[in-house]
Amino acid sequence: MASALVNVPSKARKGAVIEIRTLMSHIMEPGYRRTAAGDLVPRDIITSFSCRFNGEEIFRADLFPAIAANPFLSFFTVATESGKFEFEWIGDNGFVANASATITVEA
Amino acid sequence: MRQMFDTSHLSRRHVLQFAGGAAICGALPVVTVRPASATPAMLASAIRDLVGEAPVKVGKVKLEIPPLVENGNTVPMTVSVDSPMTSDDHVKSIHVFNEKNPQPNIGNFHLGPRAGRAKVATRVRLADSQKVTAVARLSDGSFWSASVDVIVTLAACTEEVP
């Protein structure tokens, strides 16, 4: 079962630059490993991550097998107004996971 | 210590080192089939696919990655770009490449003036000691890069699945 950890400050001053950190539990099987019997283990990775704020995309990442298991991402945004961050991870084998976080922005 | 130089005699230390190495690599006698790894030429062509004919200048980009990595399976990496991040002058995207993993790409990160700060961090896999390169695309269409040489003692990606 997919589980996400999202770290967003609950409050910020208007105009402040805030850090957003996300962690998604996922094996990120690169597709290059073999079993002892010599069979290739098929690729199973998260290929795309996006973050929207009040519906507008503010950050997006394309991930490759070279991203470590349980992908961690940290990025920044400007606190403009109170609202909701929505996070989405999309991957192989129909993997989709979502998370959200709200922020209160004070003038 | 005299035994260390006597090649006809296996010291206890040698036996232990061998046993430790075998435990880390899985079953040592099995011939492992390694996938073809990316080459410096693939690194160059992956960057060329991104930038086209535009020149890539060295500078502005800061790539932070430990120079000596014990475990290539999870390597912390931070890329930051010196940019005011205004609507006129900002970083549009950051692309990270490697030289010797099976694939030259590590990740692409798309941001905009709304980011406030052009900085991303993640954890990557490195299959071998190699060069890692970050390229930033700026809003004026220019490309800037930084490269770091990393030494990896335990490689990722190619080990056997238990």
* To do: Answer with yes or no whether A:Gly91 is more than 30 Å from B:Ala156 (Cα to Cα), at pLDDT 95 or above and more than 12 Å from chain B (Cβ to nearest Cβ).
  => no
* Asked: Among (1) farther than 10 Å from B:Ala136 by Cβ; (2) within 12 Å of chain A (Cβ to nearest Cβ); (3) in contact with an Asp or Glu (Cβ under 9 Å, 6 or more places away or on another chain); (4) not acidic (Asp, Glu), where does B:Val79 come up short?
  -> (1)
* Asked: Can you spot a residue in region B:89-109 that is at the interface with chain A (Cβ under 8 Å from one of its Cβ atoms), out of contact with any Lys or Arg (no Cβ under 8 Å at 6 or more places or on another chain), over 19 Å from B:Val148 (Cα atoms) and among the charged types (D, E, K, R)?
  -> no
* **Residues located in region B:110-143, provided they are away from chain A (no Cβ under 13 Å), aliphatic (A, V, I, L, M) and surrounded by fewer than 21 Cβ atoms within 10 Å (Cβ to Cβ)** => B:Leu138
* **Residues of region A:24-78 that turn out to be more than 7 Å from chain B (Cβ to nearest Cβ) and aromatic (Phe, Trp, Tyr), as a count** => 2
* **Unique residue being under 21 Å from the mean Cα position of the chain (by Cα) and at pLDDT 95 or above when the list is B:Val51, B:Val69, B:Val81** => B:Val81
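Each row is one residue, and each column tells you yes or no for (1) among the polar types (S, T, N, Q); (2) within 15 Å of A:Phe75 (Cβ to Cβ); (3) in contact with a Pro (Cβ under 6 Å, 6 or more places away or on another chain).
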site: B:Leu50; (1), (2), (3): no, no, no
site: B:Val69; (1), (2), (3): no, no, no
site: B:Asn73; (1), (2), (3): yes, no, no
site: B:Val79; (1), (2), (3): no, yes, no
site: B:Ser83; (1), (2), (3): yes, yes, no
site: B:His90; (1), (2), (3): no, yes, yes
site: B:Ser93; (1), (2), (3): yes, yes, no
site: B:Asn108; (1), (2), (3): yes, yes, no
site: B:Gly116; (1), (2), (3): no, yes, no
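The values are calculated or read from the model by the stated rules, or taken from the named source; none is laboratory data. Owing to the predicted nature of the structure, the values given are computational and were not obtained by experimental measurement. For neighbour counting, all protein chains shown are included, and Cβ atoms are generated from backbone atoms with ideal geometry for every residue, glycine included.
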